[in-house]
Each structure stands twice: as structure tokens, then as C-alpha cells.
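Here the structure is laid out as C-alpha cells; the discussion comes afterwards.
Every number in this text was worked out from the coordinates using simple rules, so none of it is lab data. Keep in mind that what you see is a predicted model, and the values were worked out from it rather than measured. Here Cβ is always computed from backbone atoms with ideal geometry, including for glycine, and neighbour counts include all displayed protein chains.
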Amino acid sequence: MARCIVCGVDASPGARAAARAAAGLAEALAADLVLAHVATAPRTRGSAPTPEQHDAWRRRATRAAEDLLADIADDVDAPPATECLCLFGDPARRLAELARGRGALAIVLGARGRGEVHRASFGGVPAEVAAQADRPVLVVPEGGETGLASLGREPLGDPLPAGR
């Protein structure tokens, strides 16, 4: 099983920051990059959707996820071997399962917005993934990918300059 970094993405700006950081981390660690989008079924009022309606939603969600993943991979200059996956279900559970099943070195996610004290310190999906995952989870705020994105591209300097 190849070493990999799993990065969960959606349409938010934070997801692009996470993908940039994940690409840099994967390059620095000589690991594969797996970009994954988890689609959740829309909530319905009243009766449940028919099997045909559900199948039509899955096809639309898959096409939208494929477009999103390709756009993000292109935008962050992901390596050609990057794997793009569309999953269905609970995002936290599915991302934790994917990382566990692939033996991922880490899971990288974007932080959303800055409201309500950043959703009680990175709440929502990142907090749920961290609670369910059995490996490190890195949460990247929008604009916070700068250092990690260049990890594999620039030689690391001496952290302790001479004379100190």
C-alpha cells in the first residue's frame, strides 16, 4: 500500500487552501495525494425520494464532484498521479474510513469561515473527523497553506543559524 495524504474538499475557499497544503505535504513526504469530496443527500420534507430520484441525484452529485475535484487539482497544481474520489454519506465518517483503509499518513481539511469563535475552535466536519480518525488531522485555515504548500519545492534552510 502506497503512502498517501487524504485531503477532504468541498467548494469552500478553505478547501483549496487545504488541497495546496496537502499537495505540499505529500510531495515533501514522497506520498501520493488523494483528494476526496463527500456528497450528502439533500434533506427532504415529507416523503422520501423515489429510487429513481435518488439515482438521478447521485449522478448529478458525481458529475459536480468530478468537476470540483478536477478544478481543485488543477488550481493547486496537484501531481498527475493524484487520485480524485467522490464518496457519499457522512463526510466525517467517510473521510476517516478512507484514510484508515488507505493507511494514510494524515488527513488534511480546510477550515470554514471565522464565525461563532470559529465554530467553537474548528467545529463541524474537521472536529468530527478528528474525533473519528485514528491518524493526525491537519486543519488549514484559508490563507494558512503558505508554508506547507512549498514544503516539497524549496530546500529547507538551517533552523539554527551558526552562532546561536
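FRET efficiency for T62 and A30, Cβ-Cβ distance as r, R0 = 25 Å, nearest 0.05? After rounding, the FRET efficiency stands at 0.20. I need the Debye-formula profile for region 2-66: one equal scatterer per C-alpha, no solvent, reported as log10 I(q)/I(0) at q = 0.13 1/Å, two decimals. At q = 0.13 Å⁻¹ the computed log10 ratios are -0.51. Sequentially through region 31-45, phi angles give Karplus couplings (6.51, -1.76, 1.60; θ = phi - 60°) of 10, 6, 10, 10, 9, 10, 10, 10, 8, 10, 5, x, 6, 10, 9 Hz, Gly and Pro residues having no value and appearing as x. Amide H contacts under 5 Å for L85: L35, A36, H37, restricted to partners 5 or more places along the chain or on a different chain, H placed in the peptide plane at 1.01 Å from N.
Pick out, in residue order, every one of the trypsin sites (Lys or Arg not before Pro) in region 17-122 that is DSSP loop and has at most 15 other C-beta atoms within 10 Å; say none if there are none. Answer by residue number: R43, R45, R114. Amide H to amide H distances under 5 Å link D10 with A15, where only residues 5 or more positions off or on other chains count and H is placed in the peptide plane. Between L138 and I107, V108, L109, the built amide H atoms are under 5 Å apart, and every one of these is 5 or more places off in sequence or on another chain.
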